[in-house]
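Okay, so here's the structure we're looking at.
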Amino acid sequence: MTRVPVALSAGRRYEIHIGSGQLNLLGEHCVGIARSSRAVILTQPTVARHWGTRVQTSLQDAGFTTQQLCFPAGERYKNLTTIARLYEGLYNLVPALDRKTLLVALGGGVVGDMVGYVAATYLRGLDYVQVPTTLLAMVDSSVGGKTGVDFREGKNLIGAFHQPRTVVIDPEVLTTLPRRELRAGLAEVAKYGVIQDPHFLEQLQRDAAALIRGEVETIEAVVTRSCQLKAEVVTADEHEETGLRAILNYGHTIGHALESATRYRRYKHGEAVAIGMVAAALIGERAGVTPPSVTMAIRETLVALKLPTALPEEVEDEVLIALTARDKKAVAGEARFVLATQLGTVILQEVPVATVREGLAEHRRLVERSKRR
């Protein structure tokens, strides 16, 4: 097992536990941080069928009494309507919840984001732990305390910073994950190579075949490195006050717009981010920030990981541009993009609409040139 510490302000901290078999040790990890012996597991039906019993058994063996609530997960359900249903489910539990009850978020990124938001707001704040079951959640959303739900056309427009008490990651749960979901998670892994560690990006290219096959040891290694890199950023800028934490959104400005434009039905989050990473690189080129060699390295890595890189023909550039104005990083309606100055180094800057338009146009030309080869 590997422990990755996440150090926060005022002496607060928690640990990420990573390793095969950690699901069986969940109860032990929770004993030291829980304020009561009651735990409520919030998950979705498919995850509950695969892992719900094991999680309940681990908690009960450690002395917890457990209850479980299932709810539909998926980006289309990541809204205030579902949140209200979760509040209702918690309210109706017998005996009544108290503020010391521990919530357990068992599932992918949507489950983690929503349960985290419920934990941040119900009874004015409950403790919770993250038990991610998708690669994307393991390397990104389970770490750092960002919680939230989508609102209208905006992704995660409503939310709160609320740190988990611990994160327990067991790569063995990925054996039940569809291959498409696994590949989608690799986009967030590649992101860390672009923004922080170029050698990591090179490693991903070398290990692409093993990662796509789902080899547990290789995946455990990239999950560990991804968590270490994210923990560094979260430690330095927990509440996104200095601008440093914004680098974690590389590729997300266009990626989120693309998800919204396709109503969260066409792309997995990681797939949209992969496309957004290429778009960000080409926008960066037009802004005079990103060298073409960086764009090439990003695109080659994503192709090796079998991720999409092309903008869909049916989504117009002007639709994407309009949606970027509602991005959380936008200022006074003008989009700000995370742009790579070299592999491992990025900046956050405002980009004129004309430059964004030129970058998206070049993105489409790049796809056309690739088709003709």
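The values are calculated or read from the model by the stated rules, or taken from the named source; none is laboratory data. Remember, predicted model here, so these are calculated numbers, not experimental data. Glycine also receives a Cβ, built like all others from the backbone with ideal geometry; neighbour counts cover every protein chain displayed. Protein only, heavy atoms only, side chains kept; ligands, DNA and RNA dropped before computing areas. Shrake-Rupley method; radii C 1.70, N 1.55, O 1.52, S 1.80 Å.
Annotations for the structure displayed:
- Matching residues in segment 20-47 - criterion: being more than 20 Å from residue 162 (Cβ to Cβ) and in contact with an Asp or Glu (Cβ under 7 Å, 6 or more places away or on another chain): 20, 21, 22, 23, 27
- Residue match in segment 120-133 (condition: β-branched (Val, Ile, Thr), open to solvent by 10 Å² or more (accessible area, probe 1.4 Å) and part of a helix (DSSP H, G or I)): yes
- The residues of segment 85-106 that are open to solvent by less than 70 Å² (accessible area, probe 1.4 Å) and either over 24 Å from residue 142 (Cα atoms) or in contact with a strand residue (DSSP E or B) (Cβ under 9 Å, 6 or more places away or on another chain) (or both), listed by number, are 86, 89, 90, 93, 97, 101, 102, 103, 104, 105, 106.
- Criterion: open to solvent by 60 Å² or more (accessible area, probe 1.4 Å), without any contact (Cβ under 8 Å) to a residue 40 or more places away in the chain, within 21 Å of residue 269 (Cα to Cα) and among the charged types (D, E, K, R) - qualifying residue of 334, 316, 368: 316
- Qualifying positions in segment 188-246 - open to solvent by less than 30 Å² (accessible area, probe 1.4 Å), in a helix (DSSP H, G or I), in contact with a helix residue (DSSP H, G or I) (Cβ under 9 Å, 6 or more places away or on another chain) and small (Gly, Ala, Ser): 190, 193, 208, 210, 226
- Scanning segment 252-281 for residues that are outside any helix (DSSP H, G or I), in contact (Cβ under 8 Å) with a residue 60 or more places away in the chain and under 26 Å from residue 131 (Cβ atoms) returns 264, 268.
- When restricted to residues that are buried (at least 19 other Cβ atoms within 10 Å of the Cβ) and more than 16 Å from the chain's Cα centre (by Cα), segment 178-187 contains 0.
- Some residue of segment 286-293 being of a type outside the set (A, V, I, L, M, F, W, C), on the phi > 0 side of the Ramachandran plot and modelled with pLDDT of 95 or more: yes
- Odd one out for residue 311, checked against (1) outside any loop (DSSP other than H, G, I, E, B); (2) surrounded by 19 or more Cβ atoms within 10 Å (Cβ to Cβ): (1)
Per-residue answers, yes or no, for (1) of a type in the set (Lys, Arg); (2) under 22 Å from residue 162 (Cβ atoms); (3) in a loop (DSSP other than H, G, I, E, B):
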| site | (1), (2), (3) |
| --- | --- |
| 49 | yes, no, no |
| 52 | no, no, no |
| 69 | no, yes, no |
| 73 | no, yes, yes |
| 81 | no, yes, no |
| 87 | no, yes, no |
| 97 | no, yes, yes |
| 105 | no, yes, no |
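- Scope segment 282-292; condition open to solvent by 40 Å² or more (accessible area, probe 1.4 Å), under 18 Å from residue 335 (Cα atoms) and assigned to a helix (DSSP H, G or I); matching residues: 285, 286
- Counting residues in segment 82-91 that are touching a residue at least 60 places away in the same chain (Cβ under 8 Å) and touching a helix residue (DSSP H, G or I) at 6+ places or on another chain (Cβ under 7 Å) gives one or more.
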